[in-house]
Amino acid sequence: MNKIDAQLKKIKSQNRIGLMTHIVVGYPDLATSKNLLKTMLEVGVDFIELQIPFSDPLADGPTLMVANQLAVQHNTSVRQSMELMAAVSLTTSTPILFMTYFNIVFNYGVARFCQEASQAGCSGLIVPDMPLDEERYEGFIEQAEKFDLYVIRTLAPSSTPKRLRLNAQLAKGFVYFAGRQATTGSQRELDNNLFSNIKKVKQYIDKPVAVGFGISKPEHIYELKNHAEIAVLGSKVVNIYHESASDMAIKNVKIFLQSLVDATH
């Protein structure tokens with residue numbers, strides 16, 4: 001059984017919402033990335049996205065864009081990302097996923113990327129700019145499934161019924177829904193149309209729904225309960241780390257993450 005399915009089953013049995021957090025590999029450096037990853041596991045998040053840095057991360061807001069740019073400047077590679085995945089994922093039951101853009105996968109080689117990600121213990125892939133229409137040319141989903149990797153379908157408020165039906169046919173594990181029509185980034189309030197948009201997604205797709213883009217505090221997780229199955233948070237963690245004194249950064253991130261984990265119950 002893929003770790004994602006096992007974790008979803010666990011969350012459902014505990015009658016709570018799940019939590020997925022996000023780090024950019026190589027930000028601010030590889031050693032800190034590993035410490036942040038371990039901190040997330042220590043507090044008990046349910047899923048973790050490891051973002052392989054890219055020079056033009058179109059779906060990411062200012063915070064994650066800067067993190068990507070710095071990681072790229074540090075020459076953080078796909079190989080280093082694979083090594084970090086392997087160093088941690090093979091020792092935990094928590095599903096860890098790669099998030100990146102298709103240019104990275106394509107340049108590395110689709111089959112090679114999927115095989116090495118699987119060998120490193122990766123559970124799933126989130127590649128938001130890989131359209132289903134290109135699958136017949138690229139064979140991305142085919143290779144991922146060959147190595148027991150779930151390709152997490154990404155959806156937006158603008159997704160049409162036709163696209164929702166198509167994604168429903170291919171969805172594995174859960175689907176990732178962008179909670180607002182914008183890039184990632186923490187927000188004070190959830191989008192006014194969020195809950196009606198989630199309801200629309202659920203009319204077509206019977207997989208659990210993870211909601212990201214704008215989630216930034218425990219109150220947002222409370223609000224999402226009974227609407228979505230997973231809350232996704234990324235930019236706020238980067239902001240807390242960046243704004244903290246160097247000797248307090250990891251501790252402050254841990255305190256914040258613990259408040260989110262507590263809010264899931």
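The values are calculated or read from the model by the stated rules, or taken from the named source; none is laboratory data. As the structure is a computational prediction, the values presented were derived from the model and not from experiment. We place every Cβ from the backbone using ideal geometry, glycine too, and count neighbours over all the protein chains shown.
Points worth noting:
- Of all residues making up the stretch 250-262, the number that are free of Cβ contacts under 8 Å to residues at least 60 places away in the same chain and not acidic (Asp, Glu): 5
- In the stretch 189-203, residue surrounded by the most Cβ atoms within 10 Å (Cβ to Cβ) [restricted to those that are assigned to a loop (DSSP other than H, G, I, E, B) and among the charged types (D, E, K, R)]: 191
- Restricting the stretch 137-183 to residues that are touching a Lys or Arg at 6+ places or on another chain (Cβ under 6 Å) and not in a helix (DSSP H, G or I), the residue that is surrounded by the most Cβ atoms within 10 Å (Cβ to Cβ) is 175.
- Summed over the stretch 204-257, residues that are within 18 Å of residue 40 (Cα to Cα), in a loop (DSSP other than H, G, I, E, B) and under 19 Å from the mean Cα position of the chain (by Cα) total 4.
- Summed over the stretch 68-101, the residues that are more than 15 Å from residue 37 (Cβ to Cβ) and assigned to a loop (DSSP other than H, G, I, E, B) give a count of 5.
- Whichever residue in the stretch 69-90 is under 28 Å from residue 7 (Cα atoms) and not hydrophobic (A, V, I, L, M, F, W, C) and, among such residues, is surrounded by the fewest Cβ atoms within 10 Å (Cβ to Cβ): 79
- Selection over the stretch 114-171 of residues that are out of contact with any strand residue (DSSP E or B) (no Cβ under 6 Å at 6 or more places or on another chain), of a type in the set (A, V, I, L, M) and in contact (Cβ under 8 Å) with a residue 40 or more places away in the chain gives a count of 1.
- Considering each residue of the stretch 110-133 in turn, at least one proves to be assigned to a helix (DSSP H, G or I), buried (at least 22 other Cβ atoms within 10 Å of the Cβ) and aliphatic (A, V, I, L, M).
- For the stretch 16-63, the set of residues classified as β-branched (Val, Ile, Thr), at pLDDT below 95 and surrounded by fewer than 23 Cβ atoms within 10 Å (Cβ to Cβ) consists of 32, 63, listed by residue number.
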